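Report on the structure given below.
The values are calculated or read from the model by the stated rules, or taken from the named source; none is laboratory data. Please read these numbers as outputs of a predicted model, since none were measured by experiment. Ideal geometry is used to build each Cβ from the backbone, glycine not excepted, and the neighbour counts take in all protein chains shown. Only protein heavy atoms, including side chains, enter the accessible area calculation; ligands, DNA and RNA are left aside. Shrake-Rupley method; radii C 1.70, N 1.55, O 1.52, S 1.80 Å.
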Amino acid sequence: MEKYFKLNNDVKIPSIGFGTWQTPDGETAINSIKTAINNGYKHIDAAAIYDNEKGVGIGIKECGIERKELFVTSKLWNSERGYETTLNAFEKTLNDLQVEYLDLYLIHWPATANQFNNWRQINSDTWRAMEKLYTEGKIRAIGVSNFLEHHLEPLMENAKIKPAVNQIEYHPGFMQNDCVKFCVDNNVLVEGWSPLGRGKLLENELLKEIANKYNKSVAQLCIRWALQNNVLPLPKSITPNRIKENFDVFDFEISESDLTLINQMDNFGYSGLNPDSIDF
Ligand code: A2P
């Protein structure tokens with residue numbers, strides 16, 4: 001199993017990203033980033049709304065690995081959609097993270113018909129700003145997050161540069177097959193948030209039984225399962241032994257029949273966050 005995926009602009013992206021949602025800023029963020037990088041992670045998944053970019057940035061600075069060896073993602077928050085606002089929000093994120101450039105910048109959630117009459121226009125204005133930053137070399141790849149097919153289609157109609165990534169909720173029991181197929185058909189890499197179903201999957205009996213067979217934990221099974229389905233998982237933890245455990249997934253292979261069993265699991269562990277009905 002390769003430790004990288006390749007994006008549609010040929011940029012290599014390390015195949016497991018370290019999630020930082022709900023990681024408290026300050027010492028916790030700093031130490032968890034350092035622990036992750038010291039245990040092999042090269043890819044950090046941040047976002048302005050997580051309110052910890054300063055700590056994440058210090059962790060990156062102090063980890064002992066050169067910036068160019070790392071892959072740093074951040075996301076544009078919903079209140080900053082639009083052309084000028086996106087440019088400004090991007091500068092703030094660079095400042096908070098104390099980096100010169102981002103490897104990947106994502107629109108965190110689509111503007112949708114539920115909230116805006118002119119949602120298409122809002123998304124395409126935001127996207128034009130992302131394209132400008134990309135063209136200027138300030139971001140190595142641009143993409144979206146939580147976009148369903150009907151949000152991606154109009155964005156792509158007007159786009160000069162296609163999104164390289166769509167980051168969506170993805171874990172056993174919530175595979176979003178239609179959205180993933182649309183992305184694969186359009187050469188958009190899918191990243192999966194909450195690959196452990198926010199921890200809920202760890203008590204699932206089927207997953208426990210399968211994980212036991214490989215002498216792995218359910219967390220490791222879920223992460224490996226995403227990789228074998230060509231989805232880039234973004235496990236989050238602030239606990240050193242879990243951070244380490246979640247990266248230790250390159251020494252086993254889930255059989256085709258076990259993959260199928262997991263792929264066929266009933267709906268389980270869904271966060272309930274539907275992009276079309278969020279109110280933030
Ligand atoms: P913590 O950060 O306190 O270690 P997800 O990535 O699906 O959103 O899940 C994140 C949640 O799962 C966090 O609460 C995290 O706790 C917990 N978690 C992460 N990795 C593991 C693991 N290997 N075993 C048990 N719980 C984990």
Under 5 Å from the placed amide H of Leu76, counting only residues 5+ away or on other chains, we find Leu106, Ile107, His108
Once both label points are put 7 Å beyond Cα along the C-beta direction, the Met1-Asn39 separation in nm becomes 1.5 nm
Computed ³J(HN,Hα) along segment 99-107: with the Karplus parameters 6.51/-1.76/1.60, θ = phi - 60°, integer Hz and x for glycine or proline, the list is 10, 8, 8, 10, 7, 8, 10, 10, 6
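After finding the eigenvalues of the alpha carbon gyration tensor for segment 185-280, what semi-axes result from the square roots of 5 times each, listed largest first in whole Å?
Working: eigenvalues 95, 54, 45 Å².
Each semi-axis is √(5λ); the values are 22, 16, 15 Å.
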Long-range alpha-carbon pairs in segment 4-263, meaning those over 24 Å apart, account in percent for 46 percent
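Under the Kirkwood approximation applied to all pairs of distinct alpha-carbon atoms, what is the hydrodynamic radius of segment 144-218 in Å?
Working: mean 1/r = 0.0723 Å⁻¹.
This gives a value of 13.8 Å.
I need the calculated FRET efficiency for the pair Asp266 and Asn88, taking r as the beta carbon distance and R₀ as 41 Å, to the nearest 0.05.
Details: r = 44 Å, r/R0 = 1.08.
Calculated value: 0.40.
Only four residue types carry charge here, +1 at the Cβ of Lys and Arg and -1 at the Cβ of Asp and Glu. Report the dipole size of the chain about the Cα centre in Debye, rounded to the nearest 20. List each step's numbers first, then the result.
On the way: 29 positive and 38 negative charges, 99 e Å.
Here the chain has a charge dipole of around 480 debye.
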Taking protein heavy atoms only, a 1.4 Å probe, and rounding to whole percent, the accessible area of segment 140-253 owed to carbon and sulfur comes out at 46 percent
Here segment 155-170 yields Karplus 3J(HN,Hα) values (6.51, -1.76, 1.60; θ = phi - 60°; whole Hz; Gly and Pro given as x) of 4, 6, 4, 9, 6, 7, 10, 6, x, 8, 9, 10, 9, 10, 5, 7
Charge dipole of segment 14-129 built from unit charges on the beta carbon (Lys, Arg +1; Asp, Glu -1), centred at mean Cα; most positive-end Cα among Tyr41, Phe90, Trp119 is Trp119
For segment 223-228, in residue order, the Karplus 3J(HN,Hα) values (coefficients 6.51, -1.76, 1.60; θ = phi - 60°; whole Hz; Gly and Pro = x) are 5, 5, 4, 4, 4, 5
Looking only at aspartates and glutamates whose Cα falls under 16 Å of Lys12's and that sit 8 or more positions away or on another chain, we get Glu2, Asp45, Glu69, Asp103, Glu191
Note to self: C-alpha centroids of segment 19-51 and segment 53-86 sit apart, in Å, by 10 Å
Excluding residues fewer than 8 positions from Lys200 in its own chain, the aspartates and glutamates with Cα under 15 Å of it are Glu169, Asp266
